[in-house]
1. Out of the residues in region 274-301 meeting the condition of being more than 14 Å from the chain's Cα centre (by Cα) and of a type in the set (A, V, I, L, M, F, W, C), tell me which one is nearest to the ligand (Cβ to nearest atom).
2. Can you tell which of LEU44, LEU48 is outside any helix (DSSP H, G or I), within 15 Å of the ligand (Cβ to nearest atom) and under 17 Å from the mean Cα position of the chain (by Cα)?
3. In region 166-202, which residues are of a type in the set (Ser, Thr, Tyr), closer than 27 Å to PRO108 by Cβ and at pLDDT 95 or above?
4. Take the residues in region 97-108 that are more than 9 Å from the ligand (Cβ to nearest atom) and surrounded by 15 or more Cβ atoms within 10 Å (Cβ to Cβ), then tell me which one is farthest from the chain's Cα centre (by Cα).
5. Checking GLY252 against (1) surrounded by fewer than 19 Cβ atoms within 10 Å (Cβ to Cβ); (2) more than 18 Å from VAL57 (Cβ to Cβ); (3) small (Gly, Ala, Ser): exactly one of these is not met. Which one?
6. Inside region 173-194, can you point out the residues that are away from the ligand (no atom under 16 Å from the Cβ) and surrounded by fewer than 18 Cβ atoms within 10 Å (Cβ to Cβ)?
7. Note down all Cβ pairs under 7 Å where the first residue falls in region 66-84 and is in a helix (DSSP H, G or I), the second is modelled with pLDDT of 95 or more and surrounded by fewer than 17 Cβ atoms within 10 Å (Cβ to Cβ), and they're at least six residues apart or on different chains.
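The values are calculated or read from the model by the stated rules, or taken from the named source; none is laboratory data. Please read these numbers as outputs of a predicted model, since none were measured by experiment. Reconstructed Cβ throughout: ideal geometry from the backbone, glycine too, with neighbour counts over all protein chains shown.
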Amino acid sequence: MSQATAPVGQAQVIDGKAFAAGLRSRIAEGVKSLQANHGVTPGLAVVLVGEDPASQVYVRNKGKQTVEVGKKSVKHELPAETEQEELLELVESLNQDPSIHGILVQLPLPKQIDAEAVINAIDPAKDVDGFHVVNAGLLATGQSAMVPCTPLGSLMMLKHHLGDLSGANAVVVGRSNIVGKPMAQLLLKESCTVTIAHSRTRDLPAVCRGADILVAAVGRPEMVRGDWIKPGATVIDVGINRLEPSEPGGKGRLVGDVAYDEAVAVAGAITPVPGGVGPMTIACLLANTLTAAHRSLGLPDPQL
Ligand code: GUN
């Protein structure tokens with residue numbers, strides 16, 4: 001692998017915002033060429049159940065960026081009391097709709113709805129979140145899958161920064177189905193030596209110190225400290241945590257799972273929060289929707 005060799009003392013900051021902007025412009029080109037050559041406009045349907053304010057913001061941003069890259073955006077907003085059966089009927093109608101290539105049901109869902117049942121009702125070919133059990137299985141067996149957006153965006157930034165990842169020691173902190181597990185699968189596919197660490201891992205700081213590539217996806221503000229990081233390592237911070245205004249240094253500030261000020265003095269490269277992994281997640285949703293449209297036409301995946 002090409003080593004992260006930035007001088008110790010000031011990590012290179014990996015600019016996810018700029019990277020996402022570049023990716024969106026390549027997606028927009030891909031959309032234009034699909035329209036010109038095949039008369040098809042990729043369509044993304046986003047389903048929001050209830051009125052969670054954070055979800056409303058996410059869904060609005062997804063819709064806006066979908067339109068900006070030239071795609072069709074459809075939004076379905078259902079009341080918080082919606083029964084599972086009704087949501088499943090909507091998913092089925094979107095599965096059958098040929099103008100829709102990607103379906104995203106925003107999580108979390110209200111408690112009367114079994115999220116797993118809804119996700120697994122989505123046609124795997126339209127599952128642009130990559131959460132369907134078929135896509136998880138395809139990824140785990142190294143086959144062509146829809147890959148969850150946050151790990152996909154993280155991998156793109158890692159490859160852009162480091163080039164070949166093979167042989168690197170990668171530690172993923174967090175074992176969620178949405179980030180930790182698929183991230184580990186992707187790194188394994190790149191021939192990294194992968195460790196998945198979690199809340200029960202013994203001596204987590206020592207495990208992290210063995211990482212050439214450290215991915216923090218635990219959802220605990222600033223848990224990974226500077227002295228957990230191997231000098232020169234590449235650090236991907238997936239966490240987006242809003243501190244309470246009452247917390248010391250809080251003021252409603254957004255922080256990652258990594259203590260940035262400490263880490264930046266040790267790491268070779270690091271993604272900031274905000275402006276790192278976050279912007280890449282929506283850009284990868286748009287990438288997955290374009291990929292889904294390509295596959296629906298029997299075309300090779302777009303090279304983004
Ligand atoms: N809620 C927060 N992030 C996501 C996401 O990436 N996909 C879905 N479906 N729901 C979310």
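1. ALA292
2. On the way: LEU48 fails: under 17 Å from the mean Cα position of the chain (by Cα).
Within the list LEU44, LEU48, the selection yields LEU44.
3. Taking region 166-202 and keeping what is of a type in the set (Ser, Thr, Tyr), we get 166, 176, 191, 193, 195, 199, 201.
If we keep only those that are closer than 27 Å to PRO108 by Cβ as well, we get 176, 199, 201.
Matches in region 166-202: SER176, THR201.
4. First, pick out the residues of region 97-108 that are more than 9 Å from the ligand (Cβ to nearest atom): 97-103.
Of the ones still in play, those that are also surrounded by 15 or more Cβ atoms within 10 Å (Cβ to Cβ) are 100-103.
On the way: ILE100: 21, HIS101: 19, GLY102: 15, ILE103: 16 Å.
Among residues in region 97-108 that are more than 9 Å from the ligand (Cβ to nearest atom) and surrounded by 15 or more Cβ atoms within 10 Å (Cβ to Cβ), the one farthest from the chain's Cα centre (by Cα) is ILE100.
5. Of (1) surrounded by fewer than 19 Cβ atoms within 10 Å (Cβ to Cβ); (2) more than 18 Å from VAL57 (Cβ to Cβ); (3) small (Gly, Ala, Ser), only one is false for GLY252: (2).
6. Hits for region 173-194 are LEU188, LYS189, SER191, THR193.
7. Matching pairs, first to second residue: GLN84/GLN112; GLN84/ASP114; GLN84/ALA117.
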